[in-house]
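Undergrad: Let me give you the structure first, and then I'll get to my questions.
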């Protein structure tokens, strides 16, 4: 499947297709809100005898209390570590016995629990998922076991310069804002998490009126809906604590954080500013602009062409916007040899500055529009893909026609819209930079860009 998609996309780019599809055909969707506030969305896709359940709780790490960063993720992962009627091992064994897969993930905005299984085992999947959501016991022994796992992962993460760079870029960009801290928390904050903290977070936020459940696949709504009502109907709703957080200001001037890793022969680099949300007027122009500039989906974008192909300075370079409820970061990330660190950054900044000052070419514009016209429809094939895309609508408050009209909205973007969003986002004189490498090799070069603060990796 992957090879077929890649071949199709390369062909699409080469022939500059301006538009392939104006409107996406939605599968049948049945919606119902239970008396306790839980919203159910049943999405029919009968190509294979499988089903995909996705429970989304609209409270992620942004809700972590100060000093207890990582609590949302910790609480979510404890849901599968024992209920009143099932041990952690029993849950894992039941899922394994029916050939299913379960995953718990947490981001800034939400907790997500997914279960994939054969449709004929839906009763087992619903039973396990509802038991986890309604009846977790938060066993003290399991809490300590999981805490050790998280702490070990945090310690090991220091060996990953890409992760160190990404996390510390966010700290530098967001300051005291909740988006500054890693979802998993820090060694100090995780050590402070107690069972009482977990039960309070569960009671405050993991509630039906703060959640929605998508079931997609080879399902019959007339059969599944009553089963879900029975399984989740007794889940008690509670008032969700209000959240008052504002977007931090964009950087003023350049600030550079240099993290010293003395044995490093390569620099890992991330730099950028505050980005946009999916609800922004710039959302669709951004998709087109970023495809031309440095989106990871494109091998022919400007940054790859200039910094990798012509400059020979890196294997990979890309620009990304973290789409969250509030604006996340808009940033460029790459790696290069220590002696080419300044050159790679300066070359990337020049490319970005040009994007903000000059319109894209007709060829770039047609390639970008053609890519999304072809790519987006084929990105919605499996029950999982449909559930993931529909969950964006519910979590981020997008229009009901977001999926149906995505390609049409992309096609409506004009070249002047692209220049406008680039000018809004890109100010190369006001950005934060994080570089992880041997500080002795690059510090004097980086000081040509702006004020440098150097710290030792072991002190983080």
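Undergrad: If we scan the range 361-379, do we find a residue that is surrounded by fewer than 20 Cβ atoms within 10 Å (Cβ to Cβ) and either in contact with a strand residue (DSSP E or B) (Cβ under 7 Å, 6 or more places away or on another chain) or closer than 30 Å to residue 246 by Cβ (or both)?
TA: Checked against the condition, which is being surrounded by fewer than 20 Cβ atoms within 10 Å (Cβ to Cβ) and either in contact with a strand residue (DSSP E or B) (Cβ under 7 Å, 6 or more places away or on another chain) or closer than 30 Å to residue 246 by Cβ (or both), the range 361-379 yields no hits at all.
Undergrad: Here are some conditions: (1) closer than 25 Å to residue 109 by Cα; (2) assigned to a helix (DSSP H, G or I); (3) without any contact (Cβ under 8 Å) to a residue 60 or more places away in the chain. Residue 199 meets all but one. Which one does it not meet?
TA: The one condition residue 199 does not meet is (3).
Undergrad: In this structure, does residue 396 turn out to be crowded, with 18+ Cβ neighbours inside 10 Å, closer than 30 Å to residue 216 by Cβ and assigned by TED's automatic domain parsing to the domain that holds residue 287?
TA: So residue 396 fails the test.
Undergrad: Identify the single condition in (1) under 27 Å from residue 454 (Cβ atoms); (2) outside any helix (DSSP H, G or I); (3) without any contact (Cβ under 8 Å) to a residue 40 or more places away in the chain that residue 188 does not satisfy, given that it satisfies every other one.
TA: Result: residue 188 passes all but (2).
Undergrad: Here is a check on your reading of the model: is residue 32 in a strand (DSSP E or B), touching a residue at least 60 places away in the same chain (Cβ under 8 Å) and more than 15 Å from residue 386 (Cα to Cα)?
TA: In short, yes.
Undergrad: Pairs please, first residue from the range 65-90 and more than 26 Å from residue 124 (Cα to Cα) and not assigned by TED's automatic domain parsing to the domain that holds residue 150, second anywhere and crowded, with 21+ Cβ neighbours inside 10 Å and at pLDDT 95 or above, Cβ atoms under 8 Å, 6+ apart in sequence or on different chains.
TA: Correct list of pairs: empty, since none qualify.
Undergrad: Condition test on residue 240, is it in contact (Cβ under 8 Å) with a residue 12 or more places away in the chain, closer than 30 Å to residue 29 by Cβ, surrounded by fewer than 19 Cβ atoms within 10 Å (Cβ to Cβ) and in contact with a helix residue (DSSP H, G or I) (Cβ under 6 Å, 6 or more places away or on another chain)?
TA: yes
Undergrad: Quick one: which of 61, 105 is on the phi < 0 side of the Ramachandran plot, under 25 Å from the mean Cα position of the chain (by Cα) and without any contact (Cβ under 8 Å) to a residue 60 or more places away in the chain? Even if it seems obvious, please write down each step before you answer.
TA: Details: 61 fails: without any contact (Cβ under 8 Å) to a residue 60 or more places away in the chain.
Exactly one residue qualifies, and that residue is 105.
Undergrad: Okay, next question. State yes or no: is residue 414 closer than 30 Å to residue 339 by Cα and modelled with pLDDT of 95 or more? Walk me through it before giving the result.
TA: Numbers: closer than 30 Å to residue 339 by Cα: no; modelled with pLDDT of 95 or more: yes.
So residue 414 fails the test.
The values are calculated or read from the model by the stated rules, or taken from the named source; none is laboratory data. None of these values were measured; they are calculated from a predicted model. Using ideal geometry, Cβ is built from the backbone for each residue, glycine included, and neighbour counts are taken over all protein chains shown.
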